[in-house]
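Here's the structure we're looking at; comments come further down.
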Amino acid sequence: MRRPPGNAEAASKGPGGWGLWGVQVPRRLCCAGPDRCGQALLQIGINMMALPGGRHLDSMPLPGQRLHLMQVDSVQRWMEDLKLMTECECMCVLQAKPISLEEDAQGDLILAGGPSLGDPLQLLLKRGWVISTELRRIGQKLAQDRWARVHSMSVRLTCHARSMVSEYTAASRSSSQEMSQVEKLLMEKCSELSAITERCLQVESEHVLKSMKACVSETLSTLGQHFGQLLELALTREVQALVRKIDASDNIYTTECSTGNLFSLTQEGAALCRIIAKEGGVVALFKVCRQDNLRCLYPQALRTLASICCVEEGVHQLEKVDGVLCLADILTDDSHSEATRAEAAAVVAQVTSPHLPFTQHLSSFLESMEEIVTALIKLCQEASSGEVFLLASAALANITFFDTMACEMLLQLNAIRVLLEACSDKQRVDTPYTRDQIVTILANMSVLEQCASDIIQENGVQLIMGMLSEKPRSGTPAEVAACERVQQKAAVTLARLSRDPEVAREAVRLSCMSRLIELCRSPSERNSSDAVLVACLAALRQLAGVCPEGLQDSDFQQLVQPRLVDSFLLCSNMEESFV
């Protein structure tokens, strides 16, 4: 089950949060496992690393990436990487002779065999990953003054860089003048780095070494910049070739293969998504989505578009080609398959993401919002799987942040009934991620006064009460965080709805106050989340204002009567007794 794209973590989780209600959902759920080659090379190659001597090469944060219908197994990807890598320690054992006497030599990775010359794109990614790893490790050893290691790794880096240049030139059979210039600069810096680190081995004076260290750091920094430039030029060239194939090919199989390769590139990070958007990838993919004879490729093309639109350049290109109108046409056309409409919903969820500031200016979206909201409600109602419901509900949740009119539309479309009925259907709503989307919609709709009567009519208070007891099944960090968000939003929804005395009395009857008190006093019940604690205190005070008789004196004196900050400090410092 994938999680939807485009939501952001609650601001209470720490600096850099995106608001009280946002839920960050990566494009790929399986985030654990070995480092992806593209992620490492973009962090170190294109964006570089922090180096000694006060020079910093900013690293680029990689946005979360959403899962897609046909999941890419991270273990399988790791096994593919292992085919090209071997550890020096293993080679020592096989050859029965030592390679290095240093304790960390066993962690060195060397390329055992290059990728096939028939695939220059994979060659770039594999070689780029190895080089970026070497750059990072040289920086680490330089900070530790491990000069012998710095020199040996610099020599190895030069070999990898020379191999990448020669293999890519052979695979692509041509090279632009700009690339040739950057290749020359890169190799010159590699030779300079090897030479200067070799001289450092012969120096014993710490004062001299200190001055040479700054020189090595500067050389390494410049080398990294040249490597990033070369890699970006080469990747841009490969992306251009893929986009041309998608744009010009009349062969459905060629288009499918090129679109699949483009999607794989989007999974390598934001930098490649920017390149794809800049080189016309969004335009070419929407061209596919407007051709009836390519309907079987719509899901793949839309999935790729959702990934590209995690960056500002992708969203801007989408608006330029009237992409929102195309999405609305797909969502409202029942002749399209459910999978196609689900992927269109995923694109909507991405471009309306509340944590992306550049999506808030999609003027074209407002023109089609009513059609899109209506189609998404219908998709939620008719969803045949939890995957489809998750994407449709995530799009609706994000739209409620995008424009306040959306909540009124949802109320008129009986969205509360549709969502609450779905909660009893385990086929559609079976994970905390899905319940997170539902309670987000309810929380945003609860600001409307007429929402309370619909909640009462559909027994929604009881459902919200159940969400206060949301528990993770697997205990993974992502699922635990989702459960915290469900508890927090359920509490705030309850607080907003309790302005209506009828809702407040129903909540007291269902023992909501007891559960809120338990969440406040027991850190384990809320996974020690401060955001959940604040929301529960607010809900408890709202209920106590309407039905004070439901509280004991001690609870009233500690949780309601003091200032909110005092009650928060009291509860957050509580130590549980295990006696």
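Filter the stretch 129-144 for residues that are of a type in the set (Val, Ile, Thr) and open to solvent by 10 Å² or more (accessible area, probe 1.4 Å) and give the result.
We begin by selecting, within the stretch 129-144, every residue of a type in the set (Val, Ile, Thr); these are 130-131, 133, 138.
Within the stretch 129-144, just 133 meets the criteria.
Among the residues that make up the stretch 462-472, is at least one of them within 26 Å of residue 545 (Cα to Cα) and free of Cβ contacts under 8 Å to residues at least 12 places away in the same chain?
Checking the stretch 462-472: at least one residue is within 26 Å of residue 545 (Cα to Cα) and free of Cβ contacts under 8 Å to residues at least 12 places away in the same chain.
Can you tell which of 211, 249, 258 is within 27 Å of the chain's Cα centre (by Cα) and of a type outside the set (Phe, Trp, Tyr)?
On the way: 211 fails: within 27 Å of the chain's Cα centre (by Cα); 249 fails: within 27 Å of the chain's Cα centre (by Cα).
On inspection, the qualifying residue turns out to be 258.
Considering only helices (runs of 4 or more DSSP H) fully contained in the stretch 412-488, which possess at least 2 residues that are under 23 Å from residue 385 (Cα atoms) and open to solvent by 10 Å² or more (accessible area, probe 1.4 Å)? Give the steps one after another, and end with the answer.
Working: elements: 415-423, 432-445, 451-457, 460-467.
By residue number, 415-423, 432-445, 460-467.
Take the conditions in the same structural domain as residue 136 (by the TED database), basic (Lys, Arg), assigned to a helix (DSSP H, G or I) and out of contact with any strand residue (DSSP E or B) (no Cβ under 9 Å at 6 or more places or on another chain) and apply them to residue 245. Does it pass? Break it down into steps so the answer makes sense when it comes.
Values: in the same structural domain as residue 136 (by the TED database): no; basic (Lys, Arg): yes; assigned to a helix (DSSP H, G or I): yes; out of contact with any strand residue (DSSP E or B) (no Cβ under 9 Å at 6 or more places or on another chain): yes.
Taking the combined requirement at face value, the residue does not satisfy it.
So for the stretch 196-213 (the condition being in contact (Cβ under 8 Å) with a residue 60 or more places away in the chain and either of a type outside the set (Val, Ile, Thr) or over 19 Å from residue 130 (Cβ atoms) (or both)), does at least one residue qualify?
Taking the stretch 196-213 and keeping what is in contact (Cβ under 8 Å) with a residue 60 or more places away in the chain, we get 209, 213.
Narrowing further to those that are either of a type outside the set (Val, Ile, Thr) or over 19 Å from residue 130 (Cβ atoms) (or both): 209, 213.
Yes: one or more hits.
Could you go through the stretch 219-238 and let me know if any residue there is part of a helix (DSSP H, G or I) and more than 32 Å from the chain's Cα centre (by Cα).
Yes, the conditions are met somewhere in the stretch 219-238.
Inspect all residues belonging to the stretch 150-166 and state whether any of them is free of Cβ contacts under 8 Å to residues at least 24 places away in the same chain and charged (D, E, K, R).
No, that holds for no residue.
Okay, residues lined up against (1) surrounded by fewer than 17 Cβ atoms within 10 Å (Cβ to Cβ); (2) polar (S, T, N, Q); (3) at pLDDT 90 or above:
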{"residue": "183", "(1), (2), (3)": "no, no, yes"}
{"residue": "186", "(1), (2), (3)": "no, no, yes"}
{"residue": "200", "(1), (2), (3)": "no, no, no"}
{"residue": "206", "(1), (2), (3)": "yes, no, no"}
{"residue": "209", "(1), (2), (3)": "yes, no, no"}
{"residue": "218", "(1), (2), (3)": "yes, no, yes"}
{"residue": "237", "(1), (2), (3)": "no, no, yes"}
{"residue": "244", "(1), (2), (3)": "yes, no, yes"}
{"residue": "278", "(1), (2), (3)": "yes, no, yes"}
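Collect the residues in the stretch 277-320 that are aromatic (Phe, Trp, Tyr) and closer than 16 Å to residue 264 by Cβ, keeping them in residue-number order. Walk me through how you get there before you give the answer.
If we filter the stretch 277-320 for residues that are aromatic (Phe, Trp, Tyr), which is where we start, we get 286, 298.
Matches in the stretch 277-320: none.
Only one of (1) open to solvent by 10 Å² or more (accessible area, probe 1.4 Å); (2) not assigned by the TED database to the domain that holds residue 565 fails for residue 530. Which number is that?
Among (1) open to solvent by 10 Å² or more (accessible area, probe 1.4 Å); (2) not assigned by the TED database to the domain that holds residue 565, residue 530 violates only (2).
The values are calculated or read from the model by the stated rules, or taken from the named source; none is laboratory data. None of the values given here were measured: they were computed from a predicted structure. Quick reminder, even Gly has a Cβ in these numbers, built from the backbone with ideal geometry, and neighbours come from all protein chains shown. Ligands, DNA and RNA are excluded from the accessible area calculation, which covers all protein heavy atoms including side chains. Shrake-Rupley method; radii C 1.70, N 1.55, O 1.52, S 1.80 Å.
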